[in-house]
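First comes the structure, then the notes that go with it.
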Amino acid sequence: MILAPGSAAPDFELVNQFGQPVRLSDLRGRPVALVFFPLAFSGICHGELCELRDNIALFEGPDVALLAISVDSKHTLRAWAEREGYEFPLLSDFWPHGAVAAAYGAFDDGTGLAERATFVIDAQGVVAASFATPRGEARSLEQYREALTAL
């Protein structure tokens, strides 16, 4: 079960596609959207992240930091970001394998992959909204719009 609204967002530090550390607590004072996804270069994940890339204004208007997270290596994420023109950080939850996804209740032990789960965290570090979709089902832009209204 994914973290529910009202939960404290677990702090973490992961590297982005360039190997630079990103710590959630360093973003306090600003809302954050965490977008967990199973794998880079996969069909549904590609569609979802391209839709976020093409609608980045949805996050920029309320000044929300968009962070996408998967169990892929930083090298895989960098190649994918460069190919697709993703300008938001892609974070590697590679090792310990899926630990951050697990802390948010968004890790599938059976497959070893993050689930499609999204968490909108307010400026104080509290989950304001969260949602997930079943395997094989993309999240809609409308779900993001609704979640961002919780800020």
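Derivation of every value follows stated rules applied to the coordinates shown; laboratory data play no part. Everything numeric in this text was worked out from a predicted model, so none of it was measured. Every residue, glycine among them, receives a Cβ derived from its backbone with ideal geometry; neighbour counts consider all protein chains shown.
Simple spin-label model, 7 Å along Cα-to-Cβ: T133 to H75 in nm?
Here the modelled spin labels are 3.1 nm apart.
If R₀ is 30 angstrom, what is the calculated FRET efficiency for the pair D26 and R53, using the beta carbon separation as r and rounding to 0.05?
For D26 and R53, the calculated efficiency is 0.80.
May I ask for the longest run of the chain untouched by GluC sites (Glu not before Pro) that are loop-located per DSSP and have at most 11 neighbouring C-beta atoms (other than their own) within 10 Å?
So the longest stretch without any such site is 1-86.
About its Cα centre, how strong a charge dipole does the stretch 37-151 have in debye, to the nearest 20, once Lys and Arg get +1 and Asp and Glu get -1 at the Cβ?
In debye, rounded to 20, the stretch 37-151 gives about 200.
Could you work out [θ]222 nm for the chain from helices alone, using -39500 (n - 2.57) per DSSP H run of at least four and dividing by all its residues? Round to the nearest 500 deg cm²/dmol.
Rounded to the nearest 500, the figure is -7000 deg cm²/dmol.
When the chain is fully extended, how far beyond the present Cα-Cα distance does E82 get from F18, taking 0.36 nm per residue of separation?
Contour length minus the Cα-Cα distance gives 22.0 nm.
Report, for the chain, the % of DSSP beta bridges that are antiparallel, rounded to 5.
70 percent
R0 = 25 Å: FRET efficiency of A123 with W95, Cβ-based, nearest 0.05?
Calculated transfer efficiency: 0.25.
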